[in-house]
Amino acid sequence: MQKQIKIMVLIVAVVLVAAFMGASYYRESVQSERKPSASGDNPLVRPDSPTLGSADAPVTIVEFLDPECESCREFSPRIKRILKEYDGKIRLVVRYMPLHQNSVAAAIVTEAAGEQGKYWEMQELLFRRQSEWGAGHGPPSASVQHAPPLALFESYAVELGLDVGKLRNSITQNRHALKVERDRRDGQSLGVTKTPTFFVNGRRLARFSEEDLKSLINEELGNLR
């Protein structure tokens, strides 16, 4: 009889231990599932990436662009039009993929203008005046390069009402060079080889066109219903 009681006590103890461990594992699993991944580890969107649109928008469009890219220039008004058309439903995130000779300098100037609240104005102005400062289609690593047209960029800053001294200090101190290089590496890790390249909620746009981009946006919105 005592032996049976001991066996019963042992069985109960084992069951209790198993139940406790199972509950602990469940709690850890739920906490792990609910814990969002750190945004800093996401090669698509970094915490300091420029954005347009609501942060709560259900669809995020990530554009890898090059300020010296003619296609990026031509598509810029279209993407802004799409943002208005899908107001509140999408947000735009800008990443850099510098592929031309003055691309890095232009991206840095745009970021420096952003320090004074004129990021998008500088981006638009650089696109509009691209023929004035663009050096052609040679890669940034080419052995022969044109000197970045910093004086011309400073004249654009004056046109936008920026403090040129602050802009010059930002460029001289190289505040944004690492950011542009990080974007380039992120783009390479995602297989980006040309600009503009779009991702819609992480899905890469297979064919570059306004119609295909809107189609992918509509697909993502439909998946959320």
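The values are calculated or read from the model by the stated rules, or taken from the named source; none is laboratory data. All values reported here derive from a predicted model rather than from experimental measurement. Positions of Cβ are generated from backbone atoms using ideal geometry, with glycine treated the same way; all protein chains shown enter the neighbour counts.
For the range 195-218, filtering for residues that are under 17 Å from Arg184 (Cα atoms), among the hydroxyl-bearing types (Ser, Thr, Tyr) and either in contact with a helix residue (DSSP H, G or I) (Cβ under 7 Å, 6 or more places away or on another chain) or part of a helix (DSSP H, G or I) (or both) leaves 1.
For the range 167-225, the candidate set comprises residues that are surrounded by fewer than 18 Cβ atoms within 10 Å (Cβ to Cβ) and β-branched (Val, Ile, Thr); within that set, the residue that is modelled with the highest pLDDT is Thr193.
The residues of the range 150-198 that are in contact (Cβ under 8 Å) with a residue 24 or more places away in the chain and of a type in the set (Val, Ile, Thr), listed by number, are Ile171, Val180, Val192, Thr195, Thr197.
Per-residue answers, yes or no, for (1) surrounded by 23 or more Cβ atoms within 10 Å (Cβ to Cβ); (2) in the same structural domain as Asp163 (by TED's automatic domain parsing); (3) free of Cβ contacts under 8 Å to residues at least 40 places away in the same chain:
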| position | (1), (2), (3) |
| --- | --- |
| Phe64 | yes, yes, no |
| Val109 | yes, yes, no |
| Gly114 | no, yes, no |
| Gly117 | no, yes, yes |
| Leu125 | no, yes, yes |
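Can we say Leu162 is farther than 19 Å from Arg182 by Cβ, in a helix (DSSP H, G or I), modelled with pLDDT of 95 or more and not polar (S, T, N, Q)? For Leu162, the condition - farther than 19 Å from Arg182 by Cβ, in a helix (DSSP H, G or I), modelled with pLDDT of 95 or more and not polar (S, T, N, Q) - is not met.
Of the residues making up the range 26-69, those that are at pLDDT 95 or above and charged (D, E, K, R) are Arg46, Asp48, Asp56, Glu63, Asp66, Glu68.
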